[in-house]
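Participant: This is the structure I have questions about; it appears just below.
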Amino acid sequence: MRYLFPFVSLLFLISLLASCGGEQIDSDTADPVDETETVRELVIVDSIGVELGDSNYVFGSIESSSHSADGNILILDRPACCTREYTPEGEFVRDFGRRGTGPGEFVNPLSMTRLSDGRIVMMDGQTGGIHTFLPDGEWEGIAAEIVTEPVLWLSAADSSRYVGTINSFEAIDGQLILTAKVGRFDIDETEPSLVYWENSFPVTFDDFTLLIEEAYFAKVWASNFNGIVFIASRDSEEYLITGFDANGNEFVEISLDLPRVEKSEEEMQDEAAFWNQRARNMGYNAQTNFEPDPFRWKIHSMGIDDQERLWVRRGTDEIPTFDIFDFDGNHLFTADVPAISGYSGLLWEIHIDDYGILAWSLDPPDGYQKLYTLELGE
């Protein structure tokens with residue numbers, strides 16, 4: 001397997017992942033978590049999705065979610081090959097895209113975001129790259145042809161730029177080198193115009209753990225329409241976030257002294273089995289040897305709300321728990337979702353943007369996919 005061309009190996013990995021100048025603040029010392037503070041409650045108020053019935057409400061797999069420019073709910077359903085739009089009350093409005101290989105059609109849409117001008121952006125390397133749609137559902141076209149090295153996990157930066165991650169391969173002196181980047185892309189470009197993080201290392205494709213931890217799941221980030229970007233490592237040892245202004249200059253570092261949490265034996269086995277089985281299903285014939293970190297990530301994901309507050313989800317807690325900071329790095333309060341608990345709580349995805357909070361489970365408790373809307377309680 002290690003002699004395969006980089007393009008073939010990259011297609012495998014992408015398919016695998018789809019399945020499932022300001023003033024810098026000195027933060028050398030992490031702020032300890034205040035265990036006595038009041039934790040505010042995030043309440044589930046509604047849901048969209050049914051097991052059987054109207055196909056507009058039956059989801060194959062929720063890949064990502066967001067809000068439209070007027071506050072409607074957007075849901076990328078990868079198997080359905082479209083982004084669906086709903087009113088805040090859950091009424092179906094329209095689809096962006098459909099299955100196929102023609103104009104505005106998709107085979108394997110990997111990511112979606114909404115730009116500040118209301119356009120919807122979807123990434124599908126198998127049908128040409130970065131697709132854009134007008135707010136009324138009309139397909140504009142392919143803004144950038146990105147086929148061999150798709151950009152993943154799009155996050156809007158303004159009306160014509162987004163943040164994402166891209167991985168490229170290059171043979172140097174007989175050694176295959178993978179370079180992973182998180183950067184800001186102009187909508188019509190194939191390479192980032194601004195790079196926030198870059199990591200290059202040799203690969204042989206027989207060290208599956210290295211590929212996951214050093215490239216595909218190495219970083220998590222959040223951005224807003226003013227070009228502010230926060231980026232952090234998915235790390236079991238350090239809780240550290242770096243903020244960048246619209247010019248790419250670091251302006252703040254945020255850290256917390258969060259205790260490490262060890263994974264249970266069951267959690268370790270489940271995680272290893274998940275990745276190794278996915279590899280085998282996709283024809284990865286080398287030894288599948290993914291070895292999970294014995295400790296949980298300290299940071300799971302991040303989002304920015306309409307009050308310019310950064311929400312950082314702890315990867316250590318089974319009840320989804322967020323630390324909320326202002327842009328100066330001050331810890332404002334903590335919020336959690338007590339309605340979600342136990343080991344399954346680790347399998348929830350929660351999206352936060354300027355219009356609210358959306359959540360869905362990778363292992364749905366009802367056996368079928370739903371999109372939940374959440375609100376911050378008093």
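The values are calculated or read from the model by the stated rules, or taken from the named source; none is laboratory data. This is a predicted model, so every value here is computed, not measured. Please note: Cβ atoms are built from the backbone with ideal geometry, for glycine as well, and neighbour counts cover all protein chains shown.
Participant: Any residue in segment 298-314 that is of a type in the set (Lys, Arg) and over 18 Å from residue 41 (Cα atoms)?
Facilitator: Yes.
Participant: Separate question: Condition check: at pLDDT 90 or above, touching a Ser or Thr at 6+ places or on another chain (Cβ under 7 Å) and in a strand (DSSP E or B). Does residue 221 satisfy that?
Facilitator: Spelling it out, residue 221 is indeed at pLDDT 90 or above, touching a Ser or Thr at 6+ places or on another chain (Cβ under 7 Å) and in a strand (DSSP E or B).
Participant: Let me ask something else. Among 365, 320, which is the only one that is within 15 Å of residue 299 (Cβ to Cβ), in contact with a helix residue (DSSP H, G or I) (Cβ under 8 Å, 6 or more places away or on another chain) and not hydrophobic (A, V, I, L, M, F, W, C)? So that I can check it myself, show each step before the final result.
Facilitator: Details: 365 fails: within 15 Å of residue 299 (Cβ to Cβ).
After ruling out the rest, the residue left standing is 320.
Participant: Taking residue 177, is it surrounded by fewer than 16 Cβ atoms within 10 Å (Cβ to Cβ) and touching a strand residue (DSSP E or B) at 6+ places or on another chain (Cβ under 6 Å)?
Facilitator: Judged against the criteria, residue 177 is a match.
Participant: For segment 256-265, enumerate the residues that are surrounded by fewer than 18 Cβ atoms within 10 Å (Cβ to Cβ) and farther than 21 Å from residue 208 by Cβ.
Facilitator: 257, 259, 260, 261, 262, 264
Participant: Check 28, 95 and return the single one that is under 30 Å from residue 258 (Cβ atoms) and either surrounded by fewer than 17 Cβ atoms within 10 Å (Cβ to Cβ) or modelled with pLDDT of 95 or more (or both). I'd like the intermediate steps shown before the answer.
Facilitator: Working: 95 fails: under 30 Å from residue 258 (Cβ atoms).
That would be 28, the only listed residue that is under 30 Å from residue 258 (Cβ atoms) and either surrounded by fewer than 17 Cβ atoms within 10 Å (Cβ to Cβ) or modelled with pLDDT of 95 or more (or both).
Participant: Kindly indicate the residue of segment 52-67 that is in a loop (DSSP other than H, G, I, E, B) and not aliphatic (A, V, I, L, M) and also farthest from residue 355 (Cα to Cα) among those meeting that condition.
Facilitator: Taking segment 52-67 and keeping what is in a loop (DSSP other than H, G, I, E, B), we get 52-54, 58-61.
Narrowing further to those that are not aliphatic (A, V, I, L, M): 53-54, 59-61.
Values: 53: 29, 54: 26, 59: 22, 60: 25, 61: 23 Å.
The residue in question is 53.
Participant: Can you run down the residue pairs with Cβ atoms below 9 Å, 6 or more apart or on separate chains, where the first is in segment 190-212 and assigned to a strand (DSSP E or B) and the partner is of a type in the set (Phe, Trp, Tyr)?
Facilitator: 194/185; 194/244; 196/221; 196/244; 197/221
Participant: Yes or no: residue 231 outside any loop (DSSP other than H, G, I, E, B), under 22 Å from residue 112 (Cβ atoms) and β-branched (Val, Ile, Thr)?
Facilitator: In short, yes.
Participant: When you scan segment 163-178, do you find a residue that is in a strand (DSSP E or B), closer than 20 Å to residue 64 by Cβ and more than 15 Å from the chain's Cα centre (by Cα), even just one?
Facilitator: There is at least one residue in segment 163-178 that is in a strand (DSSP E or B), closer than 20 Å to residue 64 by Cβ and more than 15 Å from the chain's Cα centre (by Cα).
Participant: Looking at segment 234-258, which of the residues that are of a type in the set (Asp, Glu) and part of a strand (DSSP E or B) is farthest from residue 312 (Cα to Cα)?
Facilitator: My answer is 250.
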